[in-house]
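Working notes, beginning with the structure itself.
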């Protein structure tokens, strides 16, 4: 499959940089705003629905290969919240810090052994098949929620999500370490294999 340019159905530059690192230099990842496409409202009730909604909206406009990615944090003690609302947990225009603050407030009385969580990522890809059927890829990353922020790398909930294997937060891991074990790393590796990337 000969694809060089892939459009990411997102306005999130951090996510684009991470996906570019994951897919490698043989692919060129560009954001949807390069085509003046405004942000797409995530109205789905699952990661799959939101990923497909974003990919299909952009693909229908430009007809180029598109990645729609939806990912989020599921905390067992909070009935898998914030889930699909991860990026807007503290409100529609919430910052990463706002979302983390709300999460830590909601979990302030929960002991360490009950703070288990996972990151989930679902990627919908459109643009290579003649019948334009989406292909889905998924990844998960198990961990638990720290009681305070640690680390300076990454974005989103990375400063409070602790990897079970290393006992470091996602924000304490170097980007290449994170990309090998993260939910998005696993999903993108599957996509890269599908696209014939080395």
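The values are calculated or read from the model by the stated rules, or taken from the named source; none is laboratory data. None of the values given here were measured: they were computed from a predicted structure. Neighbour counts run over all protein chains shown; Cβ positions are idealised from the backbone, glycine included.
Could you check, for segment 88-100, whether at least one of its residues is over 18 Å from the mean Cα position of the chain (by Cα), in contact (Cβ under 8 Å) with a residue 12 or more places away in the chain and part of a helix (DSSP H, G or I)?
The answer is no; no qualifying residue exists.
Which residue, of 48, 41, 4, is in contact with a strand residue (DSSP E or B) (Cβ under 7 Å, 6 or more places away or on another chain), exposed (fewer than 13 other Cβ atoms within 10 Å of the Cβ) and over 24 Å from residue 153 (Cβ atoms)?
4
Give me the pairs: first residue in segment 121-137 and at pLDDT 95 or above, second residue part of a strand (DSSP E or B) and surrounded by fewer than 21 Cβ atoms within 10 Å (Cβ to Cβ), beta-carbon distance under 7 Å, and six or more apart or on different chains, which are they?
121/138; 122/136; 122/138; 123/136; 124/136; 125/135
Is one or more of the residues making up segment 34-47 under 15 Å from the mean Cα position of the chain (by Cα) and either at pLDDT 95 or above or in a helix (DSSP H, G or I) (or both)?
Yes: one or more hits.
So which residues in segment 58-87 are at negative phi, in contact with a strand residue (DSSP E or B) (Cβ under 8 Å, 6 or more places away or on another chain) and part of a helix (DSSP H, G or I), if there are any at all?
58, 59, 62, 76, 77, 84, 85, 86, 87
For every residue, the table says whether it meets (1) surrounded by fewer than 21 Cβ atoms within 10 Å (Cβ to Cβ); (2) assigned to a helix (DSSP H, G or I).
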{"position": "121", "(1), (2)": "no, no"}
{"position": "140", "(1), (2)": "yes, no"}
{"position": "167", "(1), (2)": "yes, no"}
{"position": "179", "(1), (2)": "yes, yes"}
{"position": "192", "(1), (2)": "yes, yes"}
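Out of all the residues in segment 151-165, which are surrounded by fewer than 21 Cβ atoms within 10 Å (Cβ to Cβ) and either touching a helix residue (DSSP H, G or I) at 6+ places or on another chain (Cβ under 6 Å) or closer than 14 Å to residue 24 by Cβ (or both)?
151, 155, listed by residue number.
Do we have any residue at all in segment 55-69 that's at pLDDT below 95, farther than 19 Å from residue 195 by Cβ, surrounded by fewer than 19 Cβ atoms within 10 Å (Cβ to Cβ) and within 17 Å of the chain's Cα centre (by Cα)?
No: segment 55-69 contains no residue that is at pLDDT below 95, farther than 19 Å from residue 195 by Cβ, surrounded by fewer than 19 Cβ atoms within 10 Å (Cβ to Cβ) and within 17 Å of the chain's Cα centre (by Cα).
Could you please give the count of residues in segment 87-98 that are buried (at least 19 other Cβ atoms within 10 Å of the Cβ) and either out of contact with any helix residue (DSSP H, G or I) (no Cβ under 7 Å at 6 or more places or on another chain) or modelled with pLDDT under 95 (or both)?
1
Taking the options 26, 20, name whichever one is in a helix (DSSP H, G or I) and on the phi < 0 side of the Ramachandran plot.
Testing whether each residue is in a helix (DSSP H, G or I) and on the phi < 0 side of the Ramachandran plot leaves just 20.
Select from segment 7-17 the residues that are touching a helix residue (DSSP H, G or I) at 6+ places or on another chain (Cβ under 7 Å) and either touching a residue at least 60 places away in the same chain (Cβ under 8 Å) or assigned to a strand (DSSP E or B) (or both) and write down the one among them that is surrounded by the fewest Cβ atoms within 10 Å (Cβ to Cβ).
8
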